[in-house]
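Okay, structure first, notes after.
The values are calculated or read from the model by the stated rules, or taken from the named source; none is laboratory data. Just so it is clear, the structure is predicted and the values come from calculations on it, not from any experiment. Neighbour counts are summed over all protein chains in view; Cβ atoms, including those assigned to glycine, are modelled from backbone coordinates with ideal geometry.
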Amino acid sequence: MAQSELQVTARENIGKGAARTLRRQGLVPAVVYGKGIEPCTITVDPRALKIALANEAGLNTLLTLKGDGAFSGRTVLLVDSQVDAIRRDLKHVDFKTVDLTKETSVMIPVVTLGTPAGEKLGGTMSLIRHELEVLCLPTAIPKSIEIDVSALQIGDVIHVQDIKVPAGVTIPFDVNFTVVTCVGHAAEEEVEGEDEESGELTPAAE
């Protein structure tokens, strides 16, 4: 699991006005919360945060906060962020402390491997769930959930219980929901294609 350090600054002034002032300075207001710590308001440099997350783990990178405050030395995960709808700049960030010895819940991106056999017959693969919730130790968070779809035929479905995950990782679910499907009407498309290629006229319906 990727780990990085992030320098942050304690923040006393709160409210919309203080937040706007920070953003004009190129900084981002943030909050740190979790078990064993009172919620702390801090300031983050978005450029430093981007660098800290620039690895294969991405948003699931374990971050060790550094600075003057109760948060210093705490290991956290970025659990929420607000982005400006137009400028796409960060507006606010939430960090949650994690216990490296206890399982935590995180969302992991789904990556498909291979090309479904059904696509060669005119089918189309559809990825229903682009992310899956997993439970694992913070140090064992996978960068992605890989699903081999090469054997999928038209009409085949991969459910959550069919997915293999690394040792120490589980996917919690109450309903065996669909993750990937392959759909299409290959047979009809093939017949129509053969008629066009042969150049033969098909009888008109009476």
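Here are the numbers for this structure:
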| quantity | calculated |
| --- | --- |
| Selection from the stretch 1-21 of residues that are touching a Ser or Thr at 6+ places or on another chain (Cβ under 7 Å) and part of a loop (DSSP other than H, G, I, E, B) | Met1, Ala2, Val8, Arg11, Ile14 |
| Residue in the stretch 2-21 that is surrounded by the fewest Cβ atoms within 10 Å (Cβ to Cβ), counting only those that are basic (Lys, Arg) and either within 14 Å of Val44 (Cα to Cα) or touching a strand residue (DSSP E or B) at 6+ places or on another chain (Cβ under 6 Å) (or both) | Arg20 |
| Selection within the stretch 53-98 - among the charged types (D, E, K, R) and within 23 Å of Glu131 (Cβ to Cβ) | Glu56, Asp80, Asp84, Arg88, Lys91, Asp94, Lys96 |
| Qualifying residue in the stretch 22-40 (condition: surrounded by 13 or more Cβ atoms within 10 Å (Cβ to Cβ), without any contact (Cβ under 8 Å) to a residue 60 or more places away in the chain and assigned to a strand (DSSP E or B)) | yes |
| Yes/no for Asp94 being in a strand (DSSP E or B) and under 20 Å from Tyr33 (Cβ atoms) | yes |
| Residues located in the stretch 1-37, provided they are among the acidic types (Asp, Glu) and modelled with pLDDT of 85 or more | Glu5 |
| Pairs, first polar (S, T, N, Q) in the stretch 62-76, second in a loop (DSSP other than H, G, I, E, B) and surrounded by 19 or more Cβ atoms within 10 Å (Cβ to Cβ), C-beta under 8 Å, six or more apart | Thr64/Arg74; Thr75/Val98 |
| From the options Leu152, Leu135, Leu100, residue that is aliphatic (A, V, I, L, M) and either in contact with a Phe, Trp or Tyr (Cβ under 6 Å, 6 or more places away or on another chain) or not in a loop (DSSP other than H, G, I, E, B) (or both) | Leu135 |
| Residue that is surrounded by the most Cβ atoms within 10 Å (Cβ to Cβ) [pool: residues in the stretch 47-83 that are in a loop (DSSP other than H, G, I, E, B) and in contact with a helix residue (DSSP H, G or I) (Cβ under 9 Å, 6 or more places away or on another chain)] | Thr61 |
